[in-house]
1. Pick out, from segment 412-517, the strands (runs of 3 or more DSSP E) lying fully within it that include 2 or more residues that are out of contact with any Pro (no Cβ under 6 Å at 6 or more places or on another chain) and surrounded by 13 or more Cβ atoms within 10 Å (Cβ to Cβ).
2. Restricting the search to segment 133-148, which residues are part of a helix (DSSP H, G or I), touching a residue at least 40 places away in the same chain (Cβ under 8 Å) and open to solvent by 20 Å² or more (accessible area, probe 1.4 Å)?
3. Of these, D492, D445, which one is within 29 Å of H153 (Cα to Cα) and assigned by TED's automatic domain parsing to the domain that holds S404?
4. Are there any pairs, at least 6 apart or on different chains, whose C-beta atoms fall under 9 Å, with the first in segment 412-433 and under 13 Å from D510 (Cα atoms) and at pLDDT 90 or above and the second open to solvent by 20 Å² or more (accessible area, probe 1.4 Å) and small (G, A, S), and if so, which?
5. Can you work out which of the residues in segment 47-103 that are part of a strand (DSSP E or B) and more than 24 Å from the chain's Cα centre (by Cα) is surrounded by the most Cβ atoms within 10 Å (Cβ to Cβ)?
6. What number of residues within segment 99-111 are over 14 Å from V547 (Cα atoms) and in contact with a strand residue (DSSP E or B) (Cβ under 9 Å, 6 or more places away or on another chain)?
7. Would you check if L599 is open to solvent by 20 Å² or more (accessible area, probe 1.4 Å) and modelled with pLDDT of 85 or more?
8. Looking at L186, L151, L190, which is the one that is outside the structural domain of P71 (by TED's automatic domain parsing), part of a helix (DSSP H, G or I), open to solvent by less than 10 Å² (accessible area, probe 1.4 Å) and of a type outside the set (S, T, N, Q)?
Amino acid sequence: MSLFKSNFLLFLVLLFTTTACVSIAADELNEEFTEALLLRPLPDRKVLAHFHFQSSVPPTPSYGRHHHIFPKSIYQLVHKFQVREMELSFTQGRWNYERWGGYDPISSGNAKPPGVELWADFDVPGNQVDDSWKNLTHALSGLFCASINFLEHSTTYSAPQWNFRSFSGKLRYGTLPREAVCTENLTPWLKLLPCRDKGGLSALMDRPSIYRGYYHSQRLHLKSDEFDTSKSSSGIVLEQTLTVVLQPNSLGTGETLSGKMLQPSWSLDSLFGRKVRGKCSLSKSSNVYVQFEQNLVSELKNLWKSEESTSEILIHEGFQKNPIFEMPSSPKRVIKEVKNLRTGESILYEFSVEDYDEYEQFDVGLRWKMPVIWSSQQAPLRASRFLMGSGNERGAIAISLKSSGSNIVQRAGREGKECRLRVDIFQVVPWYVKVYYHTLEVFVDGHLQSTIDNIEKIRVSPSEDKVSPGLMEVVLGLPCSVKSAALTLEFDKGFLHIDEYPPDANQGFDIPSAIVSFADFQTNMSFDDVSLKSLPILSKLQERSQVLSYTEVLLVPLTTPDFSMPYNVITITCTVFALYFGSLLNALRRRVGEEERLLNRKAGNKTGPLALMLSKLSAKLRGRPWEPPEPPSSTQSNSNYKLIAKVVLVAGVAAAWQFYFNTS
């Protein structure tokens, strides 16, 4: 009996210990969701609004398959197609690199090409990558109510190797430049959030306010290492961002001071037409940041000459008494970036939504008291792309690189070598634009240069008709003192089958945007406070990302057939056949004997007594002698002649029509 009691007590101890360990592990491994909004005034009197939502879930072996916050559809997507990393963006408009900046984390990571861009890296065998890509495009097409399934065909996607940090060969990339973006795409994107658009910062996403902006891009990026057995897994991290450039419509937009126009005043209510009524109840943190970029901070310091009071103007708590700008509410804290010799320093004003509730509504704004003029940080070179040539047979693609005039290019070169600026170019061309890659020419400062001296390496995958597009990855090595550079490629325009033309074929065909990146230049924000990395948006801003930019989408006119000609041919042919068969059937099926009997009966009825009396009376009234009517003659011969004439006529028309088609 004592042995039984001791075993029972040991069992209870083990049970409680296991339960405690499981509870501790459950506390350490939990789903997390955070939301944040970053607002930045732009030099051209606009405002950048960047929403950032992040959901994370622990790995499946330790946490299980049932989730409370993380969207189930994304979890199933990752495990169904074994997606290691994926990014999907819907963009309307084009990012203005010259005015809105091109050398900061937001422009490098969230400025996307117009339409739809999708790339995915799979953890499957090499022979299953294409099948996984096709299934993924169909799943995303149904999930986001878009035409992403058009990327399933091999002519619409490619396999880059250098530009997406994937050397496994299992990454696929595709774009749809002409895809229209509307609320049908935004609504499924919002459904992935725990509070949707009913609470938290997502409640600001008023559809008319967002879609009237100059630029808007909704992005979804997920990263999973659950299939990687070489290291400890961190689960799945889903990042959702919405970047919008809005024009403030406040009352103070046209105010002037000393003949200079002030920057427009704005607030959350004036930008989005809504107010925040507290944070999302499932969110771990909910913050709003107002960012002053590096050049703006420098300009504010120049306006206020006193160095002793510069930090007081930008960082002190009494923002209502600030002589340059005014904020209606004081921030929770001011985060100052560590001074960078290359880009300078920026300032973030943090406002916590948790400090407000539905009775005390949260609102952030900015009102300028003095006119301020500044410019955003630019990439080393400003990239653009255009077409050359005329006609419907051939042409050329030109990629132009012009110096932005910034000082960031002035950097020391390697020891004993000339300073070189590395530029990576990635370009995908549809198969019906037949590019001749051997015609590649490089111009530096307007002079033709040898490709051997300026191209460090190049990878080309020529297009195959109706099978795959053309792919070019080039690494240029330009001198740091370059003012302008250009690449040109000649091409021929192909012919499509009539079934391959879109409904608006006369508008032209799109060539997707090229990606221009600078491998030697990376952008990020640096902070002294290590605890800031616990906030996902600040941690993301501190990550080093490559400086890149997208070029314009090219519109190439191709030779298009006369789509009305098939209609005309069908109409004429049907009319001729109807006349031919109608007349032939009428002639062959007519009963001649019945027609003769009907005519004789009618003639006999006309020669009755009443008819004779009427004819005599008529002759007497006219004063003419009466002539008896002649008996009806047989019309068989006449009807036979008419029948033969009709058959000959129809046969002649048919022979002439056949002769016309044989000779044409």
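The values are calculated or read from the model by the stated rules, or taken from the named source; none is laboratory data. Computed from a prediction, not measured in an experiment: that's the story for all the values here. Glycine also receives a Cβ, built like all others from the backbone with ideal geometry; neighbour counts cover every protein chain displayed. Note: accessible area is taken over every heavy atom of the protein model, side chains too, but ligands, DNA and RNA are not part of it. Shrake-Rupley method; radii C 1.70, N 1.55, O 1.52, S 1.80 Å.
1. Strands (runs of 3 or more DSSP E) meeting the threshold: 420-429, 433-444, 455-461, 470-479, 484-493, 509-511.
2. N135, A139, L143
3. D492
4. Sorted first by the residue in segment 412-433, then by its partner, the pairs are V429/S463; P430/S463; W431/S463; W431/S468; Y432/S463; V433/S463.
5. Looking at residues that are part of a strand (DSSP E or B) and more than 24 Å from the chain's Cα centre (by Cα), I get V57.
6. 1
7. Criteria not met by L599.
8. L151
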